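**Student:** The structure that follows is given in the form of structure tokens.
The values are calculated or read from the model by the stated rules, or taken from the named source; none is laboratory data. In this text, all values refer to a predicted model and were calculated from it rather than measured experimentally. For neighbour counting, all protein chains shown are included, and Cβ atoms are generated from backbone atoms with ideal geometry for every residue, glycine included. The accessibility values were calculated without ligands, DNA or RNA, using every heavy atom of the protein model including side chains. Shrake-Rupley method; radii C 1.70, N 1.55, O 1.52, S 1.80 Å.
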Amino acid sequence: MERSTTEEQTVETVLTRPDVEQALISLVDRLPKIEQSLRRLEDAVDFGMATIQDEEVKDKLDRVMDSSNIQVETLEAAMQLIEKLPMLLQVTNQLEAMFDFAKDVYQDEETKELIGRRVEEYVTPAKEKVEWSRATFEEVQRRVAEDDRQITLFSLMKWLKEPSVQHGLKYMQATIDVLSERSAKR
Amino acid sequence: MRKHYRVVIVGAGTGGISVAARMLREKRHLADDILLIDPETKHYYQPLWTLVGAGAVKKEESVREMMSLIPDGAIWLQDRVVGFDPEANQVETADNGSIQYDYLVVSPGIEIDWERIKGLKEALGTKQVCSNYSYEHVDYTWETLRGFEGGTALFTHPASPVKCGGAPQKIMYLAEDYFSKSGVRENSNIVFGSANPAIFDVTKYREALEKVLDRKRIETHFRVNLTEIKADEKVAVFENLDSHETFEMNYDMIHVTPPMQAPASIRESKLADAGGWLDVDKYTLQHKRYENVFGLGDCTNLPTSKTGAAIRKQAPVVVHNLLDQMYGKVPVATYDGYSSCPIVTGYNSLILAEFDYEKVPQESMPFNQAKERHSMYILKKDFLPLLYWNGMLNGTM
């Protein structure tokens with residue numbers, strides 16, 4: 001295996017490189033600031049360590065955790081929710097669009113009028129049919145109540161000539177024929 | 001009068017309003033920085049005119065005041081764009097001079113060229129010469145159908161791209177249905193003269209429509225183009241597009257689908273392709289030469305059927321890509337050429353054609369949409385207008 005060029009360089013040769021020299025000067029120049037920052041970091045670490053070791057703080061934290069519902073499961077759920085955020089955003093956008101559409105329909109007088117007209121168009125024929133059936137039924141009931149005639153064989157024979165009775169009988173006859181034929185084939 | 005806007009949208013039709021509404025939903029901070037330019041005071045839902053012409057819907061249902069539809073946050077300038085200067089990022093208006101933009105959306109629709117058919121403009125709305133392609137005259141189609149007492153009923157499709165390629169045949173199917181109900185079908189001959197080579201581009205729906213033509217006994221002449229109407233003699237003059245010979249056909253009523261073209265302001269601008277249409281990338285809808293210009297709708301050179309349904313799919317792509325361009329990203333949203341044509345085949349029946357650039361069906365319903373269905377007729381007549389006014393124009397559908 002070949003050795004890299006960097007590994008072949010000695011400390012002396014590296015230190016004589018202008019870019020390294022420049023970097024060292026800059027580093028030395030910034031040393032006071034770096035030292036200051038390191039002290040602050042050290043203070044922060046000390047403070048953190050002291051806080052962790054402080055029994056009173058630990059007790060307070062325990063009490064907060066005990067009184068809340070936050071558990072490991074809660075944190076896991078939070079992570080899962082974050083993972084699902086892109087999908088949830090998509091669903092929220094769709095729901096928002098649907099909500100805005102419904103709101104716009106509700107607030108739009110011209111659309112409401114259009115919907116009203118369409119509903120009427122579809123409902124009117126059905127309403128007329130129901131009305132016709134109800135009137136027919138009432139008329140039949142009234143006539144039955146008023147009719148005190150005796151139904152005779154002659155009346156039955158007159159019925160047979162009625163087209164609607166004929167149609168019904170033909171329907172029955174056809175049903176009997178079809179049933180007989182199918183039974184015979186079995 | 002302000003002379004510069006972040007986004008200028010030419011045309012407050014289906015495309016322009018949809019894009020403005022969607023953009024404001026996405027980036028509310030663009031409020032008062034989006035200008036819509038359109039000279040019209042009324043906005044028409046034109047897909048309904050087929051049913052108006054057949055007496056199934058009142059024409060007043062197809063129109064609303066433009067002001068009531070301008071999205072909150074967009075500014076409407078009632079003016080006509082007469083020129084484009086994409087190198088200077090400005091449009092020229094008829095009454096308000098130049099207006100500058102950072103980003104431009106072009107969607108002024110399509111222009112009807114009534115005068116390309118000799119004798120049509122003078123005869124339209126009289127002497128049984130009708131057309132569903134004008135709000136003013138669409139009533140006359142219904143008047144003509146009601147007054148038809150038999151003879152030859154002629155329907156045409158021109159040798160140019162048209163808005164909704166299926167519309168010329170829809171009114172013919174409805175007329176046939178009406179004539180059957182009114183009792184004049186037996187003594188009438190229904191003829192379709194079309195510049196196209198077949199009844200429909202997409203094989204699946206073409207096969208279904210050929211059966212409809214057979215069932216309704218409609219005589220078809222393909223690759224013929226109406227060039228003249230002699231209204232007093234009730235004669236239509238056609239040119240055979242293959243042999244270039246002309247021939248005449250007598251009629252008792254004629255429904256004309258007029259030739260159409262891109263608006264003159266686009267045709268004569270640097271934004272146009274060789275055919276005069278807005279030259280955009282078929283996938284990103286970004287102009288091929290000017291990256292801050294986007295386009296959608298009937299004015300573009302997109303190789304798909306020019307419909308409102310197509311615009312419904314184009315608008316989100318334009319908004320996505322324009323915003324990407326605005327924020328220094330590469331526009332990546334793509335449009336697949338989706339278009340839809342609800343082909344009314346009679347009162348209460350409809351074939352819902354949906355397809356893409358490749359003419360492959362892209363059906364939304366879980367059943368065969370090439371079958372004539374009552375449910376799809378109800379969808380077109382009762383639900384699509386609602387989805388248009390309250391959904392699409394608000395950027396939610």
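**Student:** Residue under question is B:GLU358, and the condition is that it be assigned to a loop (DSSP other than H, G, I, E, B), assigned by TED's automatic domain parsing to the domain that holds B:SER18 and open to solvent by 10 Å² or more (accessible area, probe 1.4 Å); does it hold?
**Tutor:** Judged against the criteria, B:GLU358 is not a match.
**Student:** Quick check, is A:VAL91 of a type in the set (A, V, I, L, M), at pLDDT 90 or above, on the phi < 0 side of the Ramachandran plot and under 27 Å from the mean Cα position of the chain (by Cα)?
**Tutor:** Spelling it out, A:VAL91 is indeed of a type in the set (A, V, I, L, M), at pLDDT 90 or above, on the phi < 0 side of the Ramachandran plot and under 27 Å from the mean Cα position of the chain (by Cα).
**Student:** May I ask you to say which residue of A:ASP147, A:ASP104 is among the charged types (D, E, K, R) and within 14 Å of chain B (Cβ to nearest Cβ)?
**Tutor:** Testing whether each residue is among the charged types (D, E, K, R) and within 14 Å of chain B (Cβ to nearest Cβ) leaves just A:ASP104.
**Student:** Next question, about the same structure. I'd like to check something: does the stretch B:51-66 contain any residue that is closer than 20 Å to B:LEU387 by Cα, among the small types (Gly, Ala, Ser) and part of a helix (DSSP H, G or I)?
**Tutor:** The answer is yes, given that some residue of the stretch B:51-66 is closer than 20 Å to B:LEU387 by Cα, among the small types (Gly, Ala, Ser) and part of a helix (DSSP H, G or I).
**Student:** List the pairs whose first member sits in the stretch B:87-107 and is surrounded by fewer than 20 Cβ atoms within 10 Å (Cβ to Cβ), whose second member is of a type in the set (D, E, K, R) and assigned to a strand (DSSP E or B), and whose Cβ atoms are under 6 Å apart, counting only residues at least 6 apart or on separate chains?
**Tutor:** B:SER98/B:GLU92; B:ASP102/B:ARG6
**Student:** In the stretch B:34-71, how many residues are at pLDDT 95 or above and acidic (Asp, Glu)?
**Tutor:** 3
**Student:** Please count how many residues of the stretch A:26-48 are among the aliphatic types (A, V, I, L, M) and either modelled with pLDDT under 80 or open to solvent by 100 Å² or more (accessible area, probe 1.4 Å) (or both).
**Tutor:** Counting residues in the stretch A:26-48 that are among the aliphatic types (A, V, I, L, M) and either modelled with pLDDT under 80 or open to solvent by 100 Å² or more (accessible area, probe 1.4 Å) (or both) gives 2.
**Student:** If you don't mind, another one. State yes or no: is A:VAL91 of a type in the set (Val, Ile, Thr), assigned to a helix (DSSP H, G or I) and over 30 Å from B:LEU386 (Cβ atoms)?
**Tutor:** no
**Student:** Scan the stretch B:4-50 for residues that are touching a helix residue (DSSP H, G or I) at 6+ places or on another chain (Cβ under 8 Å), in a loop (DSSP other than H, G, I, E, B) and crowded, with 24+ Cβ neighbours inside 10 Å and jot them down.
**Tutor:** B:ALA12, B:ASP38
**Student:** So, in the stretch B:344-397, of the ones that are aromatic (Phe, Trp, Tyr) and within 14 Å of chain A (Cβ to nearest Cβ), which residue ends up farthest from B:TYR205 (Cα to Cα)?
**Tutor:** Restricting to residues being aromatic (Phe, Trp, Tyr) and within 14 Å of chain A (Cβ to nearest Cβ), the top hit is B:TRP389.
**Student:** Given the structure, is B:PRO316 closer than 21 Å to A:PHE101 by Cβ, within 13 Å of chain A (Cβ to nearest Cβ) and at pLDDT 95 or above?
**Tutor:** yes
**Student:** Looking at the stretch B:113-126, is at least one residue among the acidic types (Asp, Glu) and part of a strand (DSSP E or B)?
**Tutor:** No, there is no match, as no residue in the stretch B:113-126 is among the acidic types (Asp, Glu) and part of a strand (DSSP E or B).
**Student:** Next question, about the same structure. Yes or no: the stretch B:145-163 includes at least one residue that is of a type in the set (A, V, I, L, M, F, W, C), in a strand (DSSP E or B) and free of Cβ contacts under 8 Å to residues at least 40 places away in the same chain.
**Tutor:** For the stretch B:145-163, residues of a type in the set (A, V, I, L, M, F, W, C), in a strand (DSSP E or B) and free of Cβ contacts under 8 Å to residues at least 40 places away in the same chain: absent.
**Student:** Scan the stretch B:88-99 and give yes if some residue there is of a type in the set (D, E, K, R), part of a strand (DSSP E or B), more than 14 Å from every other protein chain (Cβ to nearest Cβ) and out of contact with any helix residue (DSSP H, G or I) (no Cβ under 8 Å at 6 or more places or on another chain), otherwise no.
**Tutor:** Checking the stretch B:88-99: at least one residue is of a type in the set (D, E, K, R), part of a strand (DSSP E or B), more than 14 Å from every other protein chain (Cβ to nearest Cβ) and out of contact with any helix residue (DSSP H, G or I) (no Cβ under 8 Å at 6 or more places or on another chain).
**Student:** Can you tell me how many residues within the stretch B:278-299 are in contact (Cβ under 8 Å) with a residue 40 or more places away in the chain and not in a loop (DSSP other than H, G, I, E, B)?
**Tutor:** So the answer is 6.
**Student:** So which residues in the stretch B:51-68 are under 24 Å from B:VAL10 (Cβ atoms) and open to solvent by less than 20 Å² (accessible area, probe 1.4 Å), if there are any at all?
**Tutor:** B:SER62, B:ARG64, B:MET66
**Student:** Within the stretch B:120-139, does at least one residue satisfy the condition of being in contact with a Ser or Thr (Cβ under 7 Å, 6 or more places away or on another chain), in the same structural domain as B:GLY165 (by TED's automatic domain parsing), open to solvent by 20 Å² or more (accessible area, probe 1.4 Å) and among the polar types (S, T, N, Q)?
**Tutor:** Within the stretch B:120-139 (the criterion being in contact with a Ser or Thr (Cβ under 7 Å, 6 or more places away or on another chain), in the same structural domain as B:GLY165 (by TED's automatic domain parsing), open to solvent by 20 Å² or more (accessible area, probe 1.4 Å) and among the polar types (S, T, N, Q)), the answer is yes, since at least one residue qualifies.
**Student:** Quick check on this structure: which one of A:THR124, A:THR111 is within 14 Å of chain B (Cβ to nearest Cβ) and either modelled with pLDDT of 90 or more or surrounded by 10 or more Cβ atoms within 10 Å (Cβ to Cβ) (or both)?
**Tutor:** A:THR111
Every residue, every condition in (1) surrounded by fewer than 24 Cβ atoms within 10 Å (Cβ to Cβ); (2) over 23 Å from the mean Cα position of the chain (by Cα), yes or no:
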residue	(1), (2)
B:THR141	no, no
B:ARG146	yes, yes
B:GLU149	yes, yes
B:THR152	yes, yes
B:ALA159	yes, no
B:CYS164	no, no
B:TYR173	no, no
B:PHE179	yes, yes
